[in-house]
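> One structure is given below, represented as structure tokens, and several questions about it will come after.
Computed from the coordinates by the stated procedures, all read-outs in this text should not be read as laboratory data. Nothing here was measured: the structure is a model prediction, and the numbers come from that model. Here the Cβ is made from the backbone with ideal geometry for all residues, glycine too, and neighbour counts use every protein chain on show.
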Amino acid sequence: MKTQDRRIFLKKGMFFSIAGLTGLNLGLTTLTSKASALHNHLSYDDLKPPFSLTKLPYAYDSMEPIIDRKTMEIHHQRHHMAYVNNLNNALKESGGRNKSLQELMREVSKYGDAVRDNGGGHYNHDLFWKILTRPGTSKNPAGALRTAISQSFGSFENFQEKFKDHALRRFGSGWAWLVVNDRGRLEVGSTPNQDNPLMDVSPFKGFPILGIDVWEHAYYLKYQNRRSEYVDNFWKVVNWEEVSKRYQALTSR
Ligand code: MN
């Protein structure tokens, strides 16, 4: 086992221990601490600076024909890499070097625009890569998440429509999100640029469990100005099992 793999293995083990404990401590565990446990599980190699580029659990051509290989490659190797490098450089100037990525997001107003833009860029892309799966392997949400989607939005189809609406109405660059809010309920919304719903500066708040990148760099090579078609196709590559894991870790009792 490589050192990196062992670290991931240990962190995952720790997460499941924490998840087990929270089950025994009803009412004592806040959503925030669950979110921390979840975050540690999902971003295990990104606990503290210096941050590193997320390793993709698939090849660049895996999302063909929905997201083309060239877009995936440039998006990951150049755009995401630049956010990571710029974030690490910004943290040398602005303090916050002993903070986790999630902590930085929650108090991002303390650290200035470079940490906001590049920290958000790192957090958002890290999540985005993890909630994608090969076309043909994507299954619709099931279980508790499916039920919660129906309760919050009426139906899965209504949810998809509302989410798409946020993705299309976000003028210029940004993200649309499905979040668990501080009352444990699902909500959809969007943020500009590389902001996200964890940030203290964001009017739309919650813990993101699904996000779509609607920057042109995410779709322009294949879809040009057709953001609507990109969003419709996005559903074919959503890893709902991963989204469900996030939902369950945040809401389990
Ligand atoms: Mn992007």
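> Based on the alpha-carbon set only, what is the convex hull volume of region 155-222 divided per residue, in Å³?
88 Å³
> Then there's this: Gap in Å between the Cα centre of region 167-193 and the Cα centre of region 207-236?
Here the answer is 14 Å between Cα centres.
> Within 10 Å of each candidate Cβ there may be at most 10 other Cβ atoms; applying that plus a DSSP loop requirement, which trypsin sites (Lys or Arg not before Pro) in region 150-187 survive?
The qualifying sites are R183.
> At a 10 Å Cβ-Cβ cut-off, how would you order V201, V115, fewest neighbours first?
So the ranking, lowest neighbour count to highest, is V201, V115.
> Follow-up. Need one number: nm distance between label points at D61 and E93, each 7 Å from Cα along Cα→Cβ, rounded to one decimal.
Simple spin-label model gives 4.1 nm for this pair.
> Report the relative contact order of region 152-197, percent, no decimals, based on alpha-carbon pairs under 8 angstrom and at least 6 residues apart.
Relative contact order, region 152-197: 35 percent.
> To continue, here is another question. Need one number: nm distance between label points at R183 and N158, each 7 Å from Cα along Cα→Cβ, rounded to one decimal.
Distance between the two pseudo-spin positions: 1.6 nm.
> So which trypsin sites (Lys or Arg not before Pro) in region 77-120 are both in a DSSP loop and have at most 16 other Cβ atoms within 10 Å of their Cβ?
Of the trypsin sites (Lys or Arg not before Pro), the ones in loops of region 77-120 whose Cβ has at most 16 other Cβ atoms within 10 Å are R97.
> Still on this model: I want to check the label-to-label distance for K139 and N225. Put each point 7 Å from Cα in the C-beta direction and report it in nm to one decimal.
Those two pseudo-labels are separated by 4.1 nm.
> Still on this structure, I have one more. Taking the Cα centre of region 135-253 as origin, work out the dipole magnitude from +1 charges on Lys and Arg Cβ and -1 charges on Asp and Glu Cβ, in debye rounded to 20.
240 debye
> Sticking with this structure for a sec: Using the structure shown, select from K110/K162; K110/K222; K205/K245; K162/K222; K55/K222 the pairs with a Cα to Cα distance greater than 29 angstrom.
Pairs exceeding 29 Å: K110/K162; K110/K222.
> Something else about it: Using the Cα atoms as the points, what is the convex hull volume per residue of region 47-114 in Å³?
Measuring per residue, one finds 97 Å³ for the Cα hull of region 47-114.
> What area, in nm² and to one decimal, does the C-alpha convex hull of region 62-160 cast on average over all directions?
For region 62-160, averaging the hull's shadow over all directions gives 8.4 nm².
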